[in-house]
């Protein structure tokens, strides 16, 4: 059921000859005992859904330009959701929230998307387990198991999820969507699994703002982990203790 | 005094007329469902901000009322009140019918109702929704056995009491589950309150008994059967007590929230400046759905005027729908505070009170749920021996009612 994880659920016995040939030199077969072999596969497959990783984002609010929506545009283009002229029902995987400190008058802006919580309320409330978390911390919706009850949307403290209210056209093959089901930011799981970074982060860097950083929170040597260790940052709705994978600095 | 004899209701002109009207509502609901499923939820008033709307108000109302409709049965066999026993079968039948009506609305509003089989076969036991699937189907089973035990010959009274007690405990669990759908939502300030579960139980007592009395009065009028004034008045006074308990829980719910600074915003929204929600709260829930029925049900001339009872019961039902509208829709309309201390705005309506204009399609679906419940009840009474021929006071429990 778990779309992105399908690659890993393939048992060696289910491999096609083509898969076997494709994996080529990365395939190693170790004979543990007569008749018992351990097969390891290299290449693309081992890069995905690594339980040792915890993918996350760090958003520097000071670097985020109030008028800039490049991250939103990039996500929309990458994943195929768009403005159809119905703002109340259109899906928005990422949005720019303009903020004004009511005490000081300071004005800032920040992107908000699925926060990829460790203890995600959407996963807790989903009756069919369509909302799930990959071993590497990415929270996704299994579009084949979602019955469209929207309880996850009621439960999400970040308003990160959208329900598909009408027919869809021109879908992206790597981001399947379906009328009557719920969806949200996938952290560009297809890019991450291929060793890339989410489209929003890439777009933010292209603009020169560099307000978004992506990386493995579990790897103390990663840029994001070092930044989190060096400077103060916060989680949205920290009072709920959901331990989100998305953090904000200078908020 | 005659023996209590249960008989199927005989089809007469009003009976067929009622079925025709209910059938029309069912057809309209079916058309609405097909239309919504074809076009998507874009044709409803529901949005990404108000994700649950009028269908959920009706569905939850019916599910809550279902467990309450079983009260009369429970009072008869669990708490041993003889006067309630002759109407216990109707109580059980109505409980099952209302639950089926509510579940039908809930299921038909899903984005993918065709995938119901997934909900029936895949359970996430951390989800109160998944627990509710088991609680609801279990309730239907337990009440069916309870109904059978009441109707079959030679069932020992101890066994009947045990089954009745099981059904009573099950209905408490069921309503706890329904209330917890909201009580356990920590994200939204309008929910996230442990009082939701007991408040829903109190609401079920009130709404369920109100519907039961309306169905009783309607059926007796339609079939020409007697419904003793003392029995009716006694049940109406009990309804008055339940209405008072619901008001009490609503008061505690809001007073507790007012005490918590972080909930002050949502309380101000519902109680003072929430526009339609404030008007519905004071005008609909408190006055028309609470204080007015309370005054009617404790009116000294209640026993001489059936119309007072009917009016009070109708007001309780309408007040209940309004109360659930405020909980379900009002709770979502008030913005979530993702950035405390900041004024927020965005293309996704952050920081803004969400608007909701339900379409007629949603009402058709909701009315369809009520129609389904009443159709099942009516057909149940037609084919099963549900109601006694004579419910006059002298017949039901002369001694018990004299004591009142």
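Taking region B:145-165, which residues are closer than 22 Å to residue B:177 by Cα and touching a helix residue (DSSP H, G or I) at 6+ places or on another chain (Cβ under 7 Å)?
Result: B:145, B:146, B:163, B:164.
Scan region B:328-374 for residues that are touching a residue at least 24 places away in the same chain (Cβ under 8 Å) and at positive phi and jot them down.
B:349 - this is the single residue of region B:328-374 that is touching a residue at least 24 places away in the same chain (Cβ under 8 Å) and at positive phi.
Output the number of residues of region A:107-129 satisfying the condition of being farther than 19 Å from residue A:97 by Cβ, at the interface with chain B (Cβ under 8 Å from one of its Cβ atoms) and in contact (Cβ under 8 Å) with a residue 60 or more places away in the chain.
1
What is the residue count in region B:357-394 for residues that are within 14 Å of chain A (Cβ to nearest Cβ) and surrounded by 21 or more Cβ atoms within 10 Å (Cβ to Cβ)?
So the count comes out to 2.
So residue A:55 fits all but one of (1) modelled with pLDDT under 95; (2) under 30 Å from residue A:208 (Cα atoms); what number is the exception?
Tallying (1) modelled with pLDDT under 95; (2) under 30 Å from residue A:208 (Cα atoms), residue A:55 fails exactly one: (1).
May I ask you to list the residues in region B:332-350 that are more than 8 Å from chain A (Cβ to nearest Cβ) and either crowded, with 22+ Cβ neighbours inside 10 Å or in contact with a strand residue (DSSP E or B) (Cβ under 6 Å, 6 or more places away or on another chain) (or both)?
Matches in region B:332-350: B:333 only.
So, residue B:174, is that one within 9 Å of chain A (Cβ to nearest Cβ) and at pLDDT 95 or above or not? Break it down stepwise before answering.
Numbers: within 9 Å of chain A (Cβ to nearest Cβ): no; at pLDDT 95 or above: yes.
No; evaluated as a whole, the condition is false for this residue.
Just checking: which of the helices (runs of 4 or more DSSP H) contained wholly in region A:174-231 hold 3 or more residues that are crowded, with 22+ Cβ neighbours inside 10 Å and at pLDDT 95 or above? First the steps, then the outcome.
Values: elements: A:189-193, A:199-207, A:223-230.
Helices (runs of 4 or more DSSP H) meeting the threshold: A:199-207.
For region A:90-106, enumerate the residues that are crowded, with 20+ Cβ neighbours inside 10 Å and facing chain B (nearest Cβ under 9 Å).
A:90, A:91, A:92, A:95, A:96, A:97, A:99
Would you mind stating whether residue B:25 is surrounded by 23 or more Cβ atoms within 10 Å (Cβ to Cβ), in contact (Cβ under 8 Å) with a residue 60 or more places away in the chain and either within 14 Å of chain A (Cβ to nearest Cβ) or not in a loop (DSSP other than H, G, I, E, B) (or both)?
Answer is no for this residue.
Quick test for you: out of A:135, A:121, A:111, pick the one residue that is at negative phi and over 15 Å from the mean Cα position of the chain (by Cα). Spell out the reasoning first.
Working: A:135 fails: over 15 Å from the mean Cα position of the chain (by Cα); A:111 fails: over 15 Å from the mean Cα position of the chain (by Cα).
Answer to the selection: A:121.
Of the numbered conditions (1) farther than 21 Å from residue A:82 by Cβ; (2) more than 14 Å from every other protein chain (Cβ to nearest Cβ); (3) part of a strand (DSSP E or B), residue A:248 fails exactly one; give the number of that condition.
Checking residue A:248 against (1) farther than 21 Å from residue A:82 by Cβ; (2) more than 14 Å from every other protein chain (Cβ to nearest Cβ); (3) part of a strand (DSSP E or B), the one that fails is (2).
Could you check residue A:170 against (1) part of a helix (DSSP H, G or I); (2) away from chain B (no Cβ under 14 Å) and say which number it fails?
(1)
Sort out for me the helices (runs of 4 or more DSSP H) sitting completely within region B:34-127 that have 1 or more residues that are farther than 30 Å from residue B:394 by Cα and at pLDDT below 95.
B:116-121
Run residue A:75 past the list (1) buried (at least 20 other Cβ atoms within 10 Å of the Cβ); (2) at the interface with chain B (Cβ under 10 Å from one of its Cβ atoms) and report the number of the one that doesn't hold.
Just one mismatch for residue A:75, condition (2).
Is it the case that region B:145-160 has a residue that's touching a strand residue (DSSP E or B) at 6+ places or on another chain (Cβ under 9 Å) and modelled with pLDDT of 90 or more?
Of region B:145-160, the ones touching a strand residue (DSSP E or B) at 6+ places or on another chain (Cβ under 9 Å) are B:151.
Adding the requirement that they be modelled with pLDDT of 90 or more leaves B:151.
Scanning region B:145-160, I find at least one residue that is touching a strand residue (DSSP E or B) at 6+ places or on another chain (Cβ under 9 Å) and modelled with pLDDT of 90 or more, so the answer is yes.
Of the residues in region B:371-387, how many are touching a helix residue (DSSP H, G or I) at 6+ places or on another chain (Cβ under 6 Å) and assigned to a helix (DSSP H, G or I)?
Residues in region B:371-387 being touching a helix residue (DSSP H, G or I) at 6+ places or on another chain (Cβ under 6 Å) and assigned to a helix (DSSP H, G or I): 8 in total.
Within region B:129-138, is there a residue that is surrounded by fewer than 20 Cβ atoms within 10 Å (Cβ to Cβ), over 30 Å from residue B:312 (Cβ atoms), at pLDDT 90 or above and more than 14 Å from every other protein chain (Cβ to nearest Cβ)?
Taking every residue of region B:129-138 in turn, at least one turns out to be surrounded by fewer than 20 Cβ atoms within 10 Å (Cβ to Cβ), over 30 Å from residue B:312 (Cβ atoms), at pLDDT 90 or above and more than 14 Å from every other protein chain (Cβ to nearest Cβ).
Identify, from the list B:154, B:164, the residue that is in contact (Cβ under 8 Å) with a residue 60 or more places away in the chain and either within 30 Å of residue B:394 (Cβ to Cβ) or within 14 Å of chain A (Cβ to nearest Cβ) (or both).
B:164 is the lone residue from the list that is in contact (Cβ under 8 Å) with a residue 60 or more places away in the chain and either within 30 Å of residue B:394 (Cβ to Cβ) or within 14 Å of chain A (Cβ to nearest Cβ) (or both).
Do the conditions hold for residue A:84, that is, is it surrounded by fewer than 20 Cβ atoms within 10 Å (Cβ to Cβ), more than 7 Å from chain B (Cβ to nearest Cβ) and more than 26 Å from residue A:247 (Cα to Cα)?
Considered against the rule, which asks whether it is surrounded by fewer than 20 Cβ atoms within 10 Å (Cβ to Cβ), more than 7 Å from chain B (Cβ to nearest Cβ) and more than 26 Å from residue A:247 (Cα to Cα), residue A:84 comes out as yes.
Output the residues belonging to region A:130-161 that are closer than 24 Å to residue A:54 by Cα and facing another protein chain (nearest Cβ under 7 Å). Talk me through it step by step, then tell me what you get.
To start, the set of residues in region A:130-161 that are closer than 24 Å to residue A:54 by Cα comprises A:130-143, A:152-153, A:155-161.
Within region A:130-161, A:153, A:155, A:156, A:157, A:158, A:159 meet the criteria.
Using the structure shown, decide if residue B:35 is surrounded by fewer than 24 Cβ atoms within 10 Å (Cβ to Cβ) and in contact with a strand residue (DSSP E or B) (Cβ under 6 Å, 6 or more places away or on another chain).
no
Of the residues A:185, A:204, A:200, only one is in contact with a helix residue (DSSP H, G or I) (Cβ under 8 Å, 6 or more places away or on another chain), under 15 Å from residue A:71 (Cα atoms), touching a residue at least 12 places away in the same chain (Cβ under 8 Å) and within 14 Å of chain B (Cβ to nearest Cβ); which? Let's see the steps before the verdict.
Working: A:204 fails: within 14 Å of chain B (Cβ to nearest Cβ); A:200 fails: within 14 Å of chain B (Cβ to nearest Cβ).
So the residue among A:185, A:204, A:200 that is in contact with a helix residue (DSSP H, G or I) (Cβ under 8 Å, 6 or more places away or on another chain), under 15 Å from residue A:71 (Cα atoms), touching a residue at least 12 places away in the same chain (Cβ under 8 Å) and within 14 Å of chain B (Cβ to nearest Cβ) is A:185.
The values are calculated or read from the model by the stated rules, or taken from the named source; none is laboratory data. For clarity, every value in this text was computed on a predicted model and none was experimentally measured. Every residue, glycine among them, receives a Cβ derived from its backbone with ideal geometry; neighbour counts consider all protein chains shown.
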